[in-house]
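Reviewing the structure listed below.
Please treat every number below as a calculation from the coordinates, not as lab data. Computed from a predicted structure; not experimentally measured. Here the Cβ positions follow ideal geometry from the backbone for every residue, glycine too, while neighbour counts run over all protein chains shown.
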Amino acid sequence: MYNGVIYMSEENVIFVGKKPTMNYVLAIVTQFNNSDIDRIIIKARGKAISKAVDIAEITKHKFIQTAKYENIKLDTETLDGENGPSNVSSIEIVLVK
């Protein structure tokens, strides 16, 4: 911890994309159970936001009932595309054991 900021390795971060929901849930459960990691960050943008929420809820209610939401951050990111910059919503969900 430095100036109130906690630095975590990238293995704590799950980027949600097009894979099936349970693949992400399994990855989170595996990281919580097989290592000394006590915090996972689930990140998603655009259409994957609803899947990220589903992943967090399934993990919390069906697999790791002791998990809690430490923080949920909503943001808008500006991405450069073919038609100029576009705004894309993003979410970060922090789950702790």
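A residue that is touching an Asp or Glu at 6+ places or on another chain (Cβ under 6 Å) and not hydroxyl-bearing (Ser, Thr, Tyr) occurs nowhere in region 48-56. Name the residues in region 24-45 that are of a type outside the set (Phe, Trp, Tyr) and more than 25 Å from Asp75 (Cα to Cα), would you? Matches in region 24-45: Leu26, Val29, Thr30, Gln31, Asn33, Asn34, Ser35, Asp36, Ile37. Residues in region 55-85 that are over 12 Å from the mean Cα position of the chain (by Cα) and assigned to a strand (DSSP E or B): Lys68, Asp75, Thr76, Glu77, Thr78, Leu79, Asp80, Gly81, Gly84, Pro85.
Close contacts from region 63-92, counting a first residue that is more than 21 Å from Ala48 (Cβ to Cβ) and a second that is assigned to a strand (DSSP E or B), with Cβ to Cβ under 6 Å and a gap of 6+ residues or different chains, come to Lys68/Val96. The requirement of being at negative phi, in contact with a Gly (Cβ under 8 Å, 6 or more places away or on another chain) and not aromatic (Phe, Trp, Tyr) is not satisfied by Ala67.
Counting only residues that are surrounded by 20 or more Cβ atoms within 10 Å (Cβ to Cβ) and over 12 Å from Ala67 (Cα atoms), region 24-41 holds 2 of them. So is Ile55 in contact with a Lys or Arg (Cβ under 9 Å, 6 or more places away or on another chain) and either crowded, with 16+ Cβ neighbours inside 10 Å or in contact (Cβ under 8 Å) with a residue 60 or more places away in the chain (or both) or not? Criteria not met by Ile55.
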